[in-house]
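Bear in mind these aren't lab numbers, they're just calculated from the coordinates by the rules spelled out. Because the structure is predicted, anything quoted here is derived from the model rather than measured. Cβ coordinates were reconstructed from backbone atoms using ideal geometry, including for glycine residues, and neighbour counts include every protein chain displayed.
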Amino acid sequence: MKDYLSVNDINSLPNWIDDAKKIKQNPLMDKALGANKTLGLFFFNNSLRTRLSTQKAAMNLGMNVMIMNFGNDGWDLEFEDGTIMDKGKAEHVKEAAQVLSQYCDIIGIRAFALLKNKERDEEELILKSFKKYASAPIINLESSLSHPLQALADIITITEQQQIKIPKIVLSWAPHPRALPHAVANSFVEIMHLYKANLLITHPPGYELDPRITKNTPIEYNQKQALEKADFVYVKNWSSYIDYGEVMNTDTNWMINLEKLGKAKFMHCLPVRRNVIVEDAVLDSSQSLVIEQANNRTYAAQLVLKYLLEAKAE
Ligand code: CP
């Protein structure tokens, strides 16, 4: 593997899950692998879990870590080729990516969708520019379209918790006052397509995700019916994909409560707004897996770093 840009870079999900579980049992087993290697984590958006779990993963591998928030600390980058840079942008990604590749053995990039222009977001200009101009391997720390480290942690969590061979897993939309991107939902659907499970999506009409991602995944617009006999309920808000970036529905009836959850396990990538997305009683119950999902972010990131370091050593 040369980069980890999406879950499509996973060559064998069963092997990845097995290896992640070995790392979780003994996180320091590859402590020598990253000696004298440097991970650079570069953020165009805020983060708690991605930043710290990936840093922790790198430290478990003996790596050095450098972190920069481009929004606050770095020069404002230009990503378009051939522009006359006589306005606010001080540095072109062509130079920046090559310079960072001199300092870092692996580079992580977080750059969310702006949700103003679908075509622009789907170009993934920031992630793809770093991929184009950097010589170091690139890890996607959440881009416009995908959050593959989160999806990997999620599938590890499901395999640890599942009681039956083919679980029913429901991805449910929930209300949120702000327009949120589709990346987490996209990558969750994509990784579920690599796994043996009955996946069902529920959301209000008009919130259909990109059909190129959902493919033939069934959609049930009645949330209560969708959640019946679910083993896992993964809850996430996303803004409309059809009316791109719009918040068209804030119906609080879509919030998850204990009654709707039934006996299912509750999953969310965090951060989560209490009593908006999900009621306190769910998050504070033993059915909630959110803290373990966040814990597994470390082992998902460590697995990806380990594979990239091994590939570089070959
Ligand atoms: N789930 C997740 O990516 O969390 P952060 O935005 O805090 O990194």
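Please give the net charge around residue 214, taking every other residue with its beta carbon less than 11 angstrom from that of residue 214, where Lys and Arg add +1 and Asp and Glu add -1.
On the way: positive: 212, 215; negative: 190, 208, 210.
In short, -1.
What relative contact order, as a whole-number percentage, does the chain give when Cα pairs under 8 Å and 6 or more residues apart are counted? Show your work: numbers first, answer last.
Working: 603 pairs, mean separation 64.4, N = 314.
Relative contact order of the chain: 21 percent.
Taking a 20 Å limit on the Cα-Cα distance, which of the listed pairs 2/37; 24/128; 131/312; 31/56 fall beyond it? Provide the component values of the computation, followed by the final result.
Numbers: 2/37 16 Å; 24/128 31 Å; 131/312 16 Å; 31/56 12 Å.
In this structure, 24/128 exceed 20 Å between Cα atoms.
Summing +1 for each Lys or Arg and -1 for each Asp or Glu, what net charge is found among the other residues whose Cβ lies under 13 Å from the Cβ of residue 36?
Numbers: positive: 31, 37, 312; negative: 105.
Here the charged neighbours net out to +2.
Order 216-222, 241-247 from most to least packed using the mean count of other Cβ atoms within 10 Å. Numbers along the way, then the final one.
Numbers: 216-222: 12.4, 241-247: 15.7.
Descending packing order for the listed peptides: 241-247, 216-222.
For segment 29-39, take each phi angle, set θ = phi - 60°, evaluate the Karplus expression 6.51 cos²θ - 1.76 cosθ + 1.60, and give the result in whole Hz per residue in order, putting x for glycine and proline.
Ordered by residue, 3J(HN,Hα) equals 5, 10, 4, 7, 4, x, 4, 6, 10, 10, 9 Hz.
Going by average Cβ neighbours within 10 Å, how do the peptides 5-14, 76-85 rank, with the highest at the top? Could the numbers behind the result be given before it?
Numbers: 5-14: 16.3, 76-85: 12.1.
Going by the mean number of other Cβ atoms within 10 Å, highest first, we get 5-14, 76-85.
What ³J(HN,Hα) values, in whole Hz, does the Karplus curve 6.51 cos²θ - 1.76 cosθ + 1.60 give for segment 98-111 when θ = phi - 60°, with x put for Gly and Pro?
5, 5, 4, 5, 6, 8, 10, 7, 9, 10, x, 10, 10, 8
Fully extended, how many nm does the chain gain between residue 22 and residue 122 (0.36 nm per residue separation, minus their Cα-Cα distance)? Walk me through the numbers on the way to the answer.
Working: separation 100, 0.36 × 100 = 36.00 nm, distance 3.55 nm.
Computed gain between residue 22 and residue 122 is 32.5 nm.
Fewest Cβ neighbours within 10 Å first, please rank 86, 3, 210, 280 accordingly. Before the final figure, lay out the partial values.
Working: 86 6, 3 20, 210 16, 280 11.
So the ranking, lowest neighbour count to highest, is 86, 280, 210, 3.
Per-residue HN-Hα couplings for segment 49-61, Karplus 6.51 cos²θ - 1.76 cosθ + 1.60 at θ = phi - 60°, whole Hz, x for Gly and Pro?
Per residue, the Karplus-derived 3J(HN,Hα) values read 5, 4, 4, 7, 5, 6, 5, 4, 4, 5, 5, 4, 8 Hz.
If the chain between residue 29 and residue 219 were fully stretched, how many nm would it gain, using 0.36 nm times the residue separation less the Cα-Cα distance? Let's see the in-between values first.
Details: separation 190, 0.36 × 190 = 68.40 nm, distance 4.26 nm.
Extra length available between residue 29 and residue 219 comes to 64.1 nm.
Based on the Kirkwood radius over alpha-carbon pairs, what value in µm²/s does the Stokes-Einstein equation return for the translational diffusion coefficient of segment 150-293 at 25 °C and 0.890 mPa s? Mind showing how you got there, number by number?
Numbers: Rh = 15.0 Å.
Stokes-Einstein gives a translational diffusion coefficient of 164 µm²/s.
So for the chain, what percent of the C-alpha to C-alpha distances run longer than 32 Å?
Details: 13692 of 49141 pairs.
Above the 32 Å cut-off, the chain has 28 percent of its Cα pairs.
Ranked highest first by the average count of other Cβ atoms within 10 Å around their residues, in what order do 115-122, 141-148 fall? Don't jump to the answer; show the numbers that get you there.
Numbers: 115-122: 14.1, 141-148: 25.8.
Going from most to least packed, we get 141-148, 115-122.
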